[in-house]
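Here is the structure we will look at, set down as structure tokens.
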Amino acid sequence: MTVRAPRPDTHRVVALCGGVGGAKLALGLARVLGEDLTVIVNTGDDFEHLGLMISPDIDTVLYTLSGLADKERGWGRADESWEFMRALGPLGGETWFQLGDRDLALHVLRTQQLRSGRSLTDVVGDIARRLGIAATILPMSDDPIRTMVETDEGTLPFQRYFVERRCGPAVRAIRFDGALEAAMSAAVRAALAAPDLRAIVVCPSNPFLSVDPILAVPDLRRLVEASQAPVVAVSPIIGGKAVKGPTAKIMAELDVPTTSRAIADHYRGLLDALVIDETDAAERDLPGVSTKVAPTLMQSDADRERLAGTVLAFADEIAAIGSRS
Ligand code: GDP
């Protein structure tokens, strides 16, 4: 149990975030916190495709926080057109990964700027400012860390597993190539070690594919664990199911029950608290973490903002009690 001294002037919040599920809560937090929010985003899904550097989770966060995202599809830009893809196929180009015409502008610009020697952190910071985003959006590292999915059909790079194979092959293990050699950026370190940190929020992203790669950045997990700020996660599991995506399928394949208790177990030692859905109220007594039962399904922006408020209020409660198990 850590007994914390009172920290009245804390205001900054760091969120750890993957793509679509995480970005929903990141948007709620951004609406409540504005520039007091820093979002550290998974780059384990990044890859080079057609000569372009693609950062799918970063782009989902950029588009979501700037209001440009296609809410139905969950990824890419709204009002997208697909002329590039239509032209690409007949030329013999690979079409398994969809790149919208407007979306392409971001990939081309990022690729050009990275090739000119700028860091991903700088490039993303610049684009976020130009899109009018008040929050700070940080890649988890400027060095390449690549999520590799070991399946019953062999090892697949993340996008081949997720997009091309539509998460079909059964997952045996997940590894993060390059993590041991990667460095934490100065910006990520400063955000996590900020003396005025109010809370660290683990968004309801896929723990295995979106949050674990962030925690695999050397020293990052230790900084979160050592933080004086409360660490609060929102469970991505509602009523024994994932809201979207392969989280539940992967949990089953890894022999992990699809429960919020299993999410708490997965993050053991990291979290002070877990917000679980009201559907799962029966799971509220979890060993090692405080729980808050709340509606966690984010269908509207009002839901996103409400859940963000719940998470922050819960973090403040935890900070006031000053206990960590
Ligand atoms: P991806 O990288 O695009 O797959 O997205 P994330 O990893 O950030 O999010 C995927 C997870 O978000 C899934 O496990 C979903 O269950 C979860 N998720 C999506 N929408 C919601 C929601 O409204 N509430 C909660 N609690 N979880 C959600």
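As an exercise, use a Förster radius of 22 Å and the Cβ-Cβ distance of Asp122 and Ala190 to find the FRET efficiency, rounded to the nearest 0.05. Taking R0 as 22 Å, the efficiency between Asp122 and Ala190 is 0.90. Here Lys71 is the anchor, and the aspartates and glutamates within straight C-alpha reach of less than 13 Å, apart from those fewer than 8 places off in the same chain, are Asp79, Glu80, Asp301. Of all DSSP beta bridges in the chain, what percent run antiparallel (nearest 5)? Counting DSSP beta bridges with both partners in the chain, the antiparallel share is about 40 percent. Among all the lysines, which ones have a C-alpha under 20 Å from Lys249's C-alpha, if same-chain residues fewer than 8 places away are not counted? Filter leaves Lys241. Who wins for biggest fluctuation among Ala26, Ala282, Ala134 in a Gaussian network model of the chain, springs between alpha carbons below 10 Å? In this elastic network of the chain, the residue with the biggest mean-square fluctuation among Ala26, Ala282, Ala134 is Ala282.
Relative to the longest principal axis of the Cα atoms of the chain, the long axis of helix 120-130 makes an angle of roughly 90 degrees. Here the spin labels are modelled as points 7 Å beyond Cα on the Cα-Cβ line, and at His49 and Glu225 they lie 3.5 nm apart. The Stokes-Einstein estimate for the range 75-147, based on a Kirkwood radius over Cα pairs and taken at 20 °C with 1.002 mPa s viscosity, is a diffusion coefficient of 151 µm²/s.
If we count other beta carbons within 10 Å of each Cβ, what is the order of Lys292, Lys249, Lys241, fewest first? Display every interim value, and only then the final one.
On the way: Lys292 19, Lys249 15, Lys241 12.
Least to most surrounded, the residues fall as Lys241, Lys249, Lys292.
Which residue fluctuates most in the GNM of the chain (Cα springs below 10 Å): Ala262, Ala273, Ala302? For the chain, modelled as a Gaussian network with Cα springs under 10 Å, the answer is Ala302. Report the Cα centroid-to-centroid distance between the range 284-325 and the range 8-31 in angstrom, as an integer. Cα centres, the range 284-325 to the range 8-31: 13 Å. What separates the Cα centres of the range 141-173 and the range 251-266 is a distance of 19 Å. Among Cys167, Cys17, Cys203, the residue with the largest mean-square fluctuation in a Gaussian network model of the chain, with springs joining Cα atoms closer than 10 Å, is Cys167.
Normalised by the number of residues in the chain, what is the relative contact order in percent for Cα pairs under 8 Å and 6+ residues apart? Don't skip to the answer; put the middle values down first.
Values: 638 pairs, mean separation 71.4, N = 325.
It rounds to 22 percent for the chain.
Choose one of Ala216, Ala193, Asn206: the residue whose Cα lies farthest towards the positive end of the charge dipole of the range 178-269 (beta-carbon charges +1 Lys, Arg; -1 Asp, Glu; about the Cα centre). Sorting the options by dipole projection puts first Asn206. Here the Debye sum runs over all C-alpha atoms of the chain as equal scatterers in vacuum, and log10 of I(q)/I(0) at q = 0.09, 0.14 Å⁻¹ comes out as -0.44, -1.10.
Which whole-number percent is the relative contact order of the range 268-325 (Cα, under 8 Å, 6+ apart)? Don't jump to the answer; show the numbers that get you there.
Values: 59 pairs, mean separation 19.9, N = 58.
About 34 percent, as a whole number.
We did not get these values from a lab; they are worked out from the coordinates using the rules stated. The shown structure was predicted, so the numbers you read here are calculated from the model rather than taken from an experiment. Virtual Cβ from ideal backbone geometry, glycine too; neighbours counted across all protein chains shown.
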